[in-house]
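Q: Provided herewith is a single structure, encoded as structure tokens, for subsequent inquiry.
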Amino acid sequence: SLLYNEDENDWHVEWTPDMIIPGLNGNRTLDFNFTDGVRGEIQDQSGEPLAFNGHKEVVGFVAGEVDEEELTGLSDELEISEESLESTFNQEWISEGMFVPLKETHRFSDKDKSDFEENNLQVREEPAREYALDEAAFHLLGYVGGVNAEELEASDYLSEGDVTGKRGLEQLYDERLQPTGG
């Protein structure tokens, strides 16, 4: 409410928190939770998903749990050259206890996973865009990737770190498929 103070010859506003948000008083707190949206799906005419938010599997090691010799000895199992594994192992950004990814795929076989685990490697799931028809509809659906500088400059809805459609329907309907936070 608005009050006039005669002693100070001035108007003052007397308010309580529940005037802004009904029900909020001195013994309650207000908590904000921010959520990230997810990219929209592309579906066929019957509602079956063609492009959807799924996951990929990533094999890697935890720094400090595997030494360089052990890692390079897994060259054949990982189908990665020893030189490449040495280079990855010796990256400056790696610190003790950090998960270091080596290879990713849609899904590893149970045998591969078992072999990895026997050799102190870990398989983790990460969010990824999946395509139900794989290569069969690749030319039509396209794919997604991280936004680049040119795309950022040309767009009024993309931000640094966003994923955007690069080809096909993913690119054509990118603005419509982009997630919105809440």
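The values are calculated or read from the model by the stated rules, or taken from the named source; none is laboratory data. Bear in mind the structure is a predicted one, so any value in this text is a computation, not a measurement. In this analysis, Cβ positions are derived from the backbone assuming ideal geometry, glycine residues included, and neighbour counts consider all displayed protein chains. Side chains are part of the model used for accessible areas, which takes the heavy atoms of the whole protein and leaves out ligands, DNA and RNA. Shrake-Rupley method; radii C 1.70, N 1.55, O 1.52, S 1.80 Å.
Q: Test Glu77 against the criterion of being modelled with pLDDT under 90 and surrounded by 10 or more Cβ atoms within 10 Å (Cβ to Cβ), and give yes or no.
A: Yes, satisfied.
Q: Going by the conditions given, is Glu92 part of a loop (DSSP other than H, G, I, E, B), without any contact (Cβ under 8 Å) to a residue 12 or more places away in the chain and not β-branched (Val, Ile, Thr)?
A: Taking the combined requirement at face value, the residue satisfies it.
Q: In segment 140-160, which residue that is under 13 Å from Ala51 (Cβ atoms) and of a type outside the set (Ser, Thr, Tyr) is surrounded by the fewest Cβ atoms within 10 Å (Cβ to Cβ)?
A: Leu140
Q: May I pose another question? Of a type in the set (Val, Ile, Thr), open to solvent by less than 100 Å² (accessible area, probe 1.4 Å), at pLDDT below 85 and more than 30 Å from Leu133 (Cβ to Cβ): which single residue out of Thr16, Thr29 fits that description?
A: Thr16
Q: Could you please give the count of residues in segment 61-89 that are assigned to a helix (DSSP H, G or I) and either basic (Lys, Arg) or in contact with a Lys or Arg (Cβ under 7 Å, 6 or more places away or on another chain) (or both)?
A: Result for segment 61-89: 1.
Q: With respect to the numbered conditions (1) over 30 Å from Leu50 (Cα atoms); (2) within 22 Å of the chain's Cα centre (by Cα), which one is the sole condition not fulfilled by Glu70?
A: (2)
Q: Select from segment 26-60 the residues that are among the hydrophobic types (A, V, I, L, M, F, W, C) and outside any strand (DSSP E or B) and list them in ascending order.
A: Leu30, Phe32, Phe34, Val38, listed by residue number.
Q: If the Cβ limit is 9 Å and pairs must be 6+ apart or interchain, which residue in segment 146-170 that is in contact (Cβ under 8 Å) with a residue 12 or more places away in the chain pairs with which residue that is exposed (fewer than 11 other Cβ atoms within 10 Å of the Cβ)?
A: Taking only residues 6 or more apart or on different chains, the pairs are Gly146/Gly161; Val147/Ser159; Val147/Glu160; Val147/Gly161; Arg167/His139; Gly168/His139.
Q: Which of the residues spanning segment 104-155 are aromatic (Phe, Trp, Tyr) and assigned to a strand (DSSP E or B)?
A: Tyr131
Q: In segment 32-57, which residues are small (Gly, Ala, Ser) and surrounded by 10 or more Cβ atoms within 10 Å (Cβ to Cβ)?
A: Gly37, Gly40, Ala51, Gly54
Q: I'd like to know if segment 12-25 contains one or more residues that are assigned to a strand (DSSP E or B) and under 29 Å from the mean Cα position of the chain (by Cα).
A: Scanning segment 12-25, I find no residue that is assigned to a strand (DSSP E or B) and under 29 Å from the mean Cα position of the chain (by Cα), so the answer is no.
Q: Which residues, counting only those in segment 161-182, are part of a helix (DSSP H, G or I), open to solvent by less than 90 Å² (accessible area, probe 1.4 Å) and more than 18 Å from Asp36 (Cα to Cα)?
A: Across segment 161-182, the qualifying residues are Gly168, Leu169, Glu170.
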